[in-house]
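The values are calculated or read from the model by the stated rules, or taken from the named source; none is laboratory data. Being a predicted model, the structure only gives us computed values, none of them experimental. Note that each Cβ is placed from the backbone with ideal geometry, even for glycine, and that neighbours are counted across all protein chains shown. Heads up: the accessible areas ignore ligands, DNA and RNA and are worked out on the full protein's heavy atoms, side chains in. Shrake-Rupley method; radii C 1.70, N 1.55, O 1.52, S 1.80 Å.
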Amino acid sequence: LAKEKGRNNYQLYTPTMNEKAFERLEMESSLRRALEQQEFVLFYQPKISIENGQIIGMEALIRWQHPQRGLVPPVEFIPIAEDTGLIVPIGEWVLRTACIQNKEWQKAGYTPIRVAVNISSRQFQLQNLADTISRILAETGLEPNWLELEITESVAMENGEYTIQMLEKLTKMGIQLSIDDFGTGYSSLSYLNRFPINKLKIDKSFITNLSRGNEDAAIASTVIVLGRSLRIGVVAEGVETPEQYNFLKECNCDEMQGYLFSKPVPAKEFERMLKERIYYNP
Ligand code: C2E
Ligand code: MG
Ligand code: MG
Ligand code: MG
């Protein structure tokens, strides 16, 4: 093979590359089919208020109910959906489904909570994102204040000036905005100060290894102080232990999300938590 490489370009067509390209093509067409056949589902994970332990929000998280493979997590298909552009129609489906669900629960009389939807890079770069969301809110009847968008730190910082413009448009519509996975990208603090955002979500990688006195605890408490001084709320994701909860509470973190309270669950199960007014009592 080494000899062949020197003579021609066959190295571009090694079986592994072929297989990968094929897998990708296959994945693309099954994602397309999944959208048509409505194989995607949203799970919901509660966000807990530090003040009273009550559910004050939920994050909508997509899964793929594959006929053969079972429940496929987003890490296994979102990147391909991004590459192929399929994230645009999939993302619209997520937004619409989350808004319909939230409106339904409000109509059923449960204490209103906010639904957060993850927006991928490709979606965020679309000039008509705000129009699409306006249309979905109008169609579903959900008031904008009950919708939150999560944009990752790296996407927000990629093109700061564009981000400011887009976030300003969205914020004027009355939607809430969060910076997701905060701490994993390279934030420009001057941009952060100019973004009209409501919340910072500390990435779970810092929370997972957090214990009193270690570096991650220092990072988490610093982000909370930063949020305070910029008048931005702070949410911790990936809270799994009472020790992490207690530390974050002492630091005055506003909201928490994690397996300590609940994993992401199907809509039916989430509705049960709303119905029973489940709250966290440490
Ligand atoms: P994310 O937005 O940062 O979501 C948080 C992830 O952390 C979720 O994984 C959630 O299940 C997980 N998590 C929450 N609490 C804990 C905990 O205590 N411990 C641990 N180990 N994990 C916890 P999930 O649902 O697999 O989603 C992964 C990522 O996929 C999301 O990260 C988000 O970037 C992306 N994603 C999910 N749904 C969507 C969607 O509808 N659209 C887009 N564009 N991306 C999505
Ligand atoms: Mg998120
Ligand atoms: Mg996150
Ligand atoms: Mg994350």
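Here the stretch 70-144 is assigned +1 on the Cβ of each Lys and Arg and -1 on the Cβ of each Asp and Glu. Its dipole about the Cα centre then comes out at about 240 debye.
Within the accessible surface of the stretch 60-152, defined with a 1.4 Å probe on protein heavy atoms only, the carbon and sulfur portion equals 53 percent. Summing Lys and Arg as +1 and Asp and Glu as -1 over all other residues whose Cβ lies under 13 Å from the Cβ of SER211 gives a net charge of -3. When the stretch 139-194 is described by a simple charge dipole with +1 on each Lys and Arg Cβ and -1 on each Asp and Glu Cβ, the residue from MET166, GLY185, TRP146 located farthest towards its positive end is MET166. Were the residues from MET17 through TYR110 laid out at 0.36 nm apart, the gain over their Cα-Cα distance would be 28.3 nm.
Share of Cα-Cα pairs in the stretch 54-158 beyond 20 Å, in percent? I get 43 percent for the Cα pairs in the stretch 54-158 exceeding 20 Å. Give me the net charge for the shell around PRO67: Cβ to Cβ below 10 angstrom, other residues only, Lys and Arg +1, Asp and Glu -1. Around PRO67, the charge tally is +1. Across the stretch 192-207, rounded Karplus estimates of 3J(HN,Hα) from the backbone phi angles (6.51 cos²θ - 1.76 cosθ + 1.60, θ = phi - 60°) give 3, 5, 8, 6, x, 10, 9, 8, 10, 9, 5, 4, 5, 4, 7, 7 Hz, Gly and Pro being marked x. For LYS172, the aspartates and glutamates whose Cα comes closer than 14 Å to its Cα, not counting residues fewer than 8 places off in the same chain, are ASP131, GLU143, GLU148. Charge dipole of the chain (Cα centre as origin; +1 on each Lys and Arg Cβ, -1 on each Asp and Glu Cβ, all else neutral): 240 debye, rounded to the nearest 20.
Largest accessible area first, the residues VAL72, VAL88 order themselves as VAL88, VAL72 under a 1.4 Å probe with ligands, DNA and RNA left out.
Across the stretch 116-195, the volume of the C-alpha convex hull divided among the residues equals 82 Å³ per residue.
In terms of overall dimensions, the chain has a Cα radius of gyration and Dmax of 20.7, 72 angstrom.
Per-residue extension of 0.36 nm, minus the Cα-Cα distance of SER211 and ARG33, leaves a gain of 59.6 nm for this segment. For the stretch 171-282, the Stokes-Einstein estimate of translational diffusion at 20 °C and a viscosity of 1.002 mPa s comes to 142 µm²/s, using the Kirkwood hydrodynamic radius over alpha-carbon pairs. Rg/Rh for the stretch 40-105 stands at 1.06; both radii use Cα atoms, and Rh follows the Kirkwood definition. Taken per residue, the accessible surface of the chain reaches 52 Å², heavy atoms only and a 1.4 Å probe. A Cα-only calculation for the stretch 210-249 places Rg and Dmax at 10.1, 28 Å. The charge dipole of the stretch 94-242, taken about its Cα centre with unit charges on the Cβ atoms of Lys, Arg (+1), Asp and Glu (-1) only, comes to about 440 debye.
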